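The values are calculated or read from the model by the stated rules, or taken from the named source; none is laboratory data. Quick caveat: nothing in here was measured; it's all calculated off a predicted structure. All Cβ positions, even for glycine, are placed from backbone atoms using ideal geometry, and neighbour counts span all protein chains on display.
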Amino acid sequence: MEKEDHNRREEWGVTIMKKAIIPLALTVFFSAFGYAQTLIYSWRDSAGKVHIVDELNKVPDQYREDLKVYRLSSTRGTQKPRSEAPPKIVTKVKEVEEGAVREERLEKEMEEIRSSIADMTDRLERLRQERETKRLRMIRKRGRGKAVVREKREIEEIDREIEALTNQLGKRMEGLRSLEKEKSLK
């Protein structure tokens, strides 16, 4: 009886192993087959000659900055025509796209800041004109011997608003200069 149980457990283990190993092996085989890719590196030397190699360590250090990397999908075992999609330039295209997106983002931020600076400058000019108007009104009232408490308070409020707006404007200008500097470095 014990021997029979042992045989059944052994058969059960072998059956499970067979059922697990075959799908696992097929998964590994097909995933390796389907995703095999080759990287090809190319660069142009100082004489203008184009060099193509399959290993990065074969590229001289002085040419690695202008290196182009091509990712080629493996076509072993398939019958694809050669005229199908050309190899993709991976790093340079990605860098150019990311650079364009960064530059577009920077340009948009700079335009928003310029617009807010223009709005703040207009508001600042209106406040200064309003302050001058109130000062003239205060001078006229004093000349007639009237109290000017309300006008002094209004002028003080305008001065505080002008100071706060000037500080905000300075920060915006500094931010714009920073973005312009970042853009010029790229």
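Please specify each residue of segment 142-186 satisfying the condition of being without any contact (Cβ under 8 Å) to a residue 12 or more places away in the chain and either touching a helix residue (DSSP H, G or I) at 6+ places or on another chain (Cβ under 7 Å) or closer than 22 Å to GLU107 by Cβ (or both).
Selection gives VAL148, LYS171, GLU174, ARG177, SER178, LYS181, SER184, LEU185.
Please verify whether SER74 is within 26 Å of LEU185 (Cβ to Cβ), surrounded by 10 or more Cβ atoms within 10 Å (Cβ to Cβ) and either at pLDDT below 80 or not aliphatic (A, V, I, L, M) (or both), treating the condition exactly as stated. Before the answer, list the steps.
Working: within 26 Å of LEU185 (Cβ to Cβ): no; surrounded by 10 or more Cβ atoms within 10 Å (Cβ to Cβ): yes; either at pLDDT below 80 or not aliphatic (A, V, I, L, M) (or both): yes.
It is false that SER74 is within 26 Å of LEU185 (Cβ to Cβ), surrounded by 10 or more Cβ atoms within 10 Å (Cβ to Cβ) and either at pLDDT below 80 or not aliphatic (A, V, I, L, M) (or both).
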